[in-house]
Structures are given as C-alpha cells and as structure tokens.
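> Have a look at this one before I ask anything.
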Amino acid sequence: MGQAALYTSSNAGARLHRDLVYATDAEPFGTLHLTIDSSKKYQTIQGFGSTFSDASGANLRSLPDKLADTVLRQYFSEGGLNLQFGRVPIASTDFSSRVYSYNDVAEDYMMQNFNLTKEDFQWKIPYIQIAKKYNQNLKLFGAPWSAPGWMKTTKQMSGPGALNGKAGDNYHTAYATYFVKFLEEYSKSGISFWGLSTQNQPTQGSDKKNKIQSTLFTAETQRDFIKSDLGPALKASNVGKDVKVLIMDDNRGNLPKWADTVLKDKDAAGFVSGIGVHSYQDSETDKHLDETNKNHPNFFILGTEASEGGGAKDPSVDYGSWDRAEDTVSDILDDLNNWVVGWTERNLILDAQGGPSWVSDFADAPIIAFPALAQFYKQPMFYAIAHFSHFIKPGAVRIDHSLNVIELEVESSAFLNPDGSKVIIMVNKASLVATEHTVVVQDAADNRNHYQFKLPHRSITTLYIQTSQF
C-alpha cells in the first residue's frame with residue numbers, strides 16, 4: 001500500500017505541520033471525496049519566484065550578512081521554498097528609493113552612456129549571486145517599468161507616457177539597445193537571463209493619475225516594437241539570442257485580445273515565448289486565461305507579479321494575517337487551474353512600513369525585516385507559497401481532479417511530479433461557518449489506495465503522495 005505526507009498550515013497556528021498518511025484498501029468515510037486522474041494532463045509547471053526589487057535588496061542589506069543569507073536560503077534552496085524564478089527590474093520601480101534610469105543623456109541613441117547604478121551593485125547583483133548559490137538553475141527575467149525620460153513623450157520616467165515616435169525609428173532602436181546593454185552589463189557579474197518582459201504593466205502608461213514609472217504600450221505598438229526593434233536586437237546579441245521574450249506583463253482582463261494582436265503576427269510571434277500576467281484581476285472570469293491558452297497553446301502563460309496589501313483601506317503590512325495567506329493560495333490555485341505555468345511574488349522582503357517606496361506605494365511581503373532587532377518575520381503568506389513551491393517540482397504537470405460535491409469554501413488542485421510523486425493542495429476557507437472536512441483522495445487509475453485526512457477550518461493542506469509503494 002502507498003503512503004503520503006500531509007503538511008498543514010492554519011489560522012490556528014500550524015505551519016507546515018507534518019503527518020504521515022497511510023493508504024487504505026477499502027474506501028474510508030469522508031465528507032469530501034477528491035478523485036485525481038494522472039492520465040489527464042494539462043500544462044507543465046515551470047516554477048515559482050519572487051522579485052529582486054531595490055526595496056528587497058535594501059532590506060536584505062539592513063540585516064546582518066548571515067541573516068540576509070538565511071532569508072535567501074529559505075527562499076531559493078531545495079530545502080526552502082525552492083523558488084525557480086527571479087524577476088529583476090530594469091532600472092527603478094515604485095519599490096525604489098528614487099527614480100533613475102541607466103542612461104539620462106538625451107539623444108544618446110547608441111547608448112554610449114549606459115551605466116548600471118549603485119542600486120544594482122549594492123541591492124540586486126550581490127543577492128542574485130547568493131540566490132544562485134542556492135539554486136544554480138535560477139531563471140532570471142528582466143522587466144522595465146519605464147524607458148529613460150528623454151525617450152518618452154512626457155520627458156520623464158514617472159507617470160504616464162509612451163515612447164517617442166514609432167517602431168523602427170531612432171527612439172525604438174535605442175530602447176532595444178538599452179535592453180541589450182542591460183543584459184551585457186549583468187553578464188559582466190556572471191549573471192545571465194532566462195527571459196525579458198517587454199514592459200511591466202504597459203496599460204498603466206495611459207493613466208494620467210499614475211505617478212509610478214511607466215511606459216505606455218498598446219498591443220499593437222508592443223507587437224511592432226518586438227518585430228522591428230527588440231526581437232532583432234536580441235537575436236543579434238550573444239547575451240540576448242537565447243533570451244525568452246514575454247509580452248503583456250499586465251492584468252488578465254487584457255487577454256485574450258492582447259495575445260491575439262501580437263501573436264497572430266507571425267513576424268512578431270517568432271520572437272516571443274510567453275505571456276506575462278499579473279494577479280490583480282484574479283477575481284475576473286477565468287475565460288481570459290482559458291481562451292488565451294486555446295488560441296495560443298504553444299506560448300506559455302507565466303504569473304509575473306502578485307502581492308497583498310497596499311489597498312486604500314487596508315494596512316500595508318498586516319502581521320500574522322491569515323486572510324492574506326488564503327488570498328495568496330486562492331490566487332495561485334486560480335492561476336494554476338487555468339493554464340498558468342508559474343507565479344511570481346512582487347518583493348522578497350520589505351520593512352515594517354511595507355517599503356521602501358519613493359512614491360509610498362507600500363505593500364505586504366512574505367518576509368518583513370526588523371533591522372534594529374537583527375530579525376525578520378515570516379508572514380503566513382510565506383508558508384502559503386511553500387505549500388506549492390516546495391512540493392511542485394519544475395517539470396511537474398497539472399492533472400485532472402474533481403470533488404464529489406460542490407463546496408464553495410474549498411479550493412484545490414493536483415499535480416504529477418517528474419519523479420512520479422503526486423501533490424494535492426487544498427484550502428478550506430470556511431469563512432462563514434467553522435467547517436472541518438474529512439477528505440478522501442483516490443487516483444482514478446488506482447483502486448487500492450485511499451488517503452484519508454483532515455482539512456481543518458481555515459487551513460491549507462498539501463498531500464504529497466510518494467512514489468514508493470509497499
């Protein structure tokens with residue numbers, strides 16, 4: 001018979017509490033019966049990640065070196081969260097202490113004055129190098145928030161505005177060179193990139209109330225920039241020729257139209273590998289993702305940004321918030337159940353205010369730093385991510401699963417790892433009524449093994465079914 005390990009985290013205080021579950025031949029009692037079918041496979045999971053923001057680097061630097069190393073080990077090592085992706089901002093973001101680009105010399109279309117900044121050498125590169133020590137296969141992808149101000153219609157990085165001119169002109173060619181220079185400069189520190197986003201949240205560049213660094217692209221202008229400028233520049237570069245280009249990098253409501261516009265152009269599509277999507281519209285219909293996958297099955301959909309906190313009425317940092325752990329799990333489940341191949345957190349670590357952020361765009365993070373105490377605090381969100389990232393291995397596939405009854409407060413998904421182990425993740429919100437479920441899991445292809453376990457009120461569980469049978 002089979003055996004499994006059950007890991008439980010809960011509002012009551014459990015954090016990845018481990019129990020052994022032994023399979024039974026006869027089907028036991030259960031209030032919920034979940035059937036998995038490993039013969040029905042969906043998308044391949046590439047992994048989970050976080051962002052090497054300036055704010056994250058500043059907070060790591062505020063801690064003793066050994067403690068900063070511990071944070072990165074707990075994120076990137078196989079014994080920790082086993083994160084596979086690192087998002088690297090190209091120049092400044094809202095989670096920087098100032099607004100800066102890599103070239104502020106107007107009309108320098110050849111990018112002869114391109115230079116990385118102190119933020120890269122103090123807050124990004126050193127911690128990327130440590131993370132790569134714990135995961136040598138770490139996949140890094142760059143993402144710009146804004147082009148240099150002199151290249152934009154508004155003449156400034158912060159706030160709205162598009163690139164001057166049109167695809168193929170000197171501004172667009174220069175901006176493509178800007179990307180290549182970024183890759184070249186990071187390669188001098190032994191850092192290579194797996195991917196590049198064309199632009200973080202391109203629709204934000206049309207918002208006149210927006211104060212954050214941004215550059216407007218429509219689907220049409222992004223298509224043309226990739227086709228005429230960025231794609232050819234990367235292919236002509238030794239450091240860029242194998243880099244995967246991600247389009248959109250914005251909320252799901254823009255899909256499938258955005259992907260249709262870019263990818264139905266064969267010339268543009270030839271340079272593109274995937275579609276980046278943010279988690280801030282996960283309450284919207286899943287059709288956005290389903291239709292995108294149906295229309296473009298050869299292009300992966302990657303979750304490129306997600307975070308909690310920062311709402312007008314919510315505290316930026318909410319210590320011990322189980323609500324935010326549940327929201328994180330729901331976001332990830334909703335994405336993974338709808339063809340997304342991975343998920344990326346907005347920041348590794350923030351301070352007690354939820355920053356630093358030059359524009360006071362504070363938010364929560366899985367880890368909060370307390371430099372005066374030489375300590376850090378792991379939010380429940382950290383463990384929520386662990387329920388996925390530690391157990392679902394790169395190359396795993398989502399498999400079919402179904403519950404015998406409709407239970408609105410319970411969400412779930414199931415995966416098959418490359419080594420044959422199976423992972424079932426469930427969350428019981430039970431926000432209205434304190435309901436504990438007895439769950440029975442069975443594989444449709446295996447009539448012998450039934451796994452019974454408790455899914456407590458307001459809990460997250462991961463059932464890890466090992467490959468060894470006895």
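The values are calculated or read from the model by the stated rules, or taken from the named source; none is laboratory data. Remember, predicted model here, so these are calculated numbers, not experimental data. Here the Cβ is made from the backbone with ideal geometry for all residues, glycine too, and neighbour counts use every protein chain on show. Just the protein is used for accessible areas: all its heavy atoms, side chains included, with ligands, DNA and RNA removed. Shrake-Rupley method; radii C 1.70, N 1.55, O 1.52, S 1.80 Å.
> From the protein chains alone at 1.4 Å, what is the descending order of accessible area for Ser77, Ser360, largest first?
So the residues, ranked largest to smallest area, are Ser360, Ser77.
> So, one more: Percent antiparallel among DSSP beta bridges with both residues in the chain, to the nearest 5?
Once the DSSP bridges in the chain are tallied, antiparallel ones form about 55 percent.
> Can you list residues whose amide H is under 5 Å from Leu196's amide H, if they're 5+ apart or on another chain and H is modeled 1.01 Å from N?
For Leu196, the qualifying residues are Gly142, Lys244, Val245, Leu246.
> Treating only the Cβ atoms of Lys and Arg (+1) and Asp and Glu (-1) as charged, compute the dipole magnitude of the chain about its Cα centre; round to the nearest 20 debye.
Charge dipole, the chain, about its Cα centre: 940 debye, nearest 20.
> Quick query: amide H of Arg87 versus all other amide H atoms, modeled in the peptide plane; which residues come in under 5 Å with a sequence gap of 5 or more or a different chain?
Under 5 Å from the amide H of Arg87: Ser50, Thr51, Phe52, Phe141.
> Amide H of Leu302: which non-local residues (sequence gap of 5 or more, or other chain) have their own amide H closer than 5 Å, using H built in the peptide plane?
Ile275, Gly276, Val277, Val341
> Apply the Karplus parameterisation 6.51 cos²θ - 1.76 cosθ + 1.60, with θ equal to phi minus 60°, to every residue of the stretch 414-421 and state each ³J(HN,Hα) to the nearest whole Hz, in sequence, with x for glycine and proline.
9, 9, 10, 6, x, 7, x, 5
> Calculate the translational D of the stretch 182-226 in whole µm² s⁻¹ from Stokes-Einstein, where the hydrodynamic radius comes from the Kirkwood formula applied to all Cα pairs, the temperature is 37 °C and the viscosity 0.692 mPa s. Don't jump to the answer; show the numbers that get you there.
Values: Rh = 12.5 Å.
The calculation lands on 263 µm²/s.
> To the nearest 10 degrees, how steeply does helix 322-336 sit against the main Cα axis of the chain, on a 0 to 90 scale?
80
> I'd like the orientation of helix 125-134 relative to the chain: the angle between its Cα long axis and the longest Cα principal axis, in ° from 0 to 90, rounded to 10.
30
> Whole-Hz ³J(HN,Hα) for each residue in the stretch 75-83, computed from phi via Karplus 6.51 cos²θ - 1.76 cosθ + 1.60 with θ = phi - 60°, x for glycine and proline: what do you get?
7, 10, 6, 5, x, x, 6, 6, 5
> With θ set to phi - 60°, apply the Karplus curve 6.51 cos²θ - 1.76 cosθ + 1.60 along the stretch 426-437 and write out the HN-Hα couplings as whole Hz, x wherever there is a Gly or Pro.
Running phi through 6.51 cos²θ - 1.76 cosθ + 1.60 with θ = phi - 60° gives 9, 10, 10, 7, 6, 6, 8, 10, 6, 10, 9, 10 Hz.
> How much FRET efficiency would the formula 1/(1 + (r/R0)^6) give for Tyr109 and Arg61, where r is the Cβ-Cβ distance and R0 is 30 Å, rounded to 0.05? The partial results should precede the final answer.
Working: r = 35 Å, r/R0 = 1.16.
Calculated value: 0.30.
> May I ask for the percentage of alpha-carbon pairs in the stretch 8-82 that lie more than 21 Å from each other? Each step should come with its number before you reach the end.
Numbers: 1697 of 2775 pairs.
The answer is 61 percent, as a whole percent.
> Cα axis of helix 380-389 to longest principal axis of the chain: angle in degrees, 0 to 90, nearest 10?
80
> Okay, next question. Tell me the mean residue ellipticity at 222 nm calculated for the chain from its helices only (DSSP H runs of n ≥ 4, each -39500 (n - 2.57), averaged over every residue, nearest 500).
Dividing the helical sum by the residues of the chain leaves -6500 deg cm²/dmol.
> What does the highest-first list of 268-279, 182-193, 339-350 look like by mean Cβ count within 10 Å?
339-350, 268-279, 182-193
> Ok, one more. Which label belongs to the value computed from this structure, given these candidates for percent of Cα pairs over 42 Å apart: (1) 34; (2) 11; (3) 16?
The listed entry that was calculated here is (3).
> Could you order Lys208, Lys152 so the one with the most accessible surface comes first? Probe is 1.4 Å.
Accessible-area ranking of Lys208, Lys152, largest first: Lys208, Lys152.
> If we sort 388-400, 121-133, 53-65 on the protection proxy, mean other Cβ atoms within 10 Å, highest first, what's the order? Before the final figure, lay out each step's value.
Details: 388-400: 20.5, 121-133: 18.5, 53-65: 22.2.
In decreasing order of mean packing, 388-400, 121-133, 53-65 become 53-65, 388-400, 121-133.
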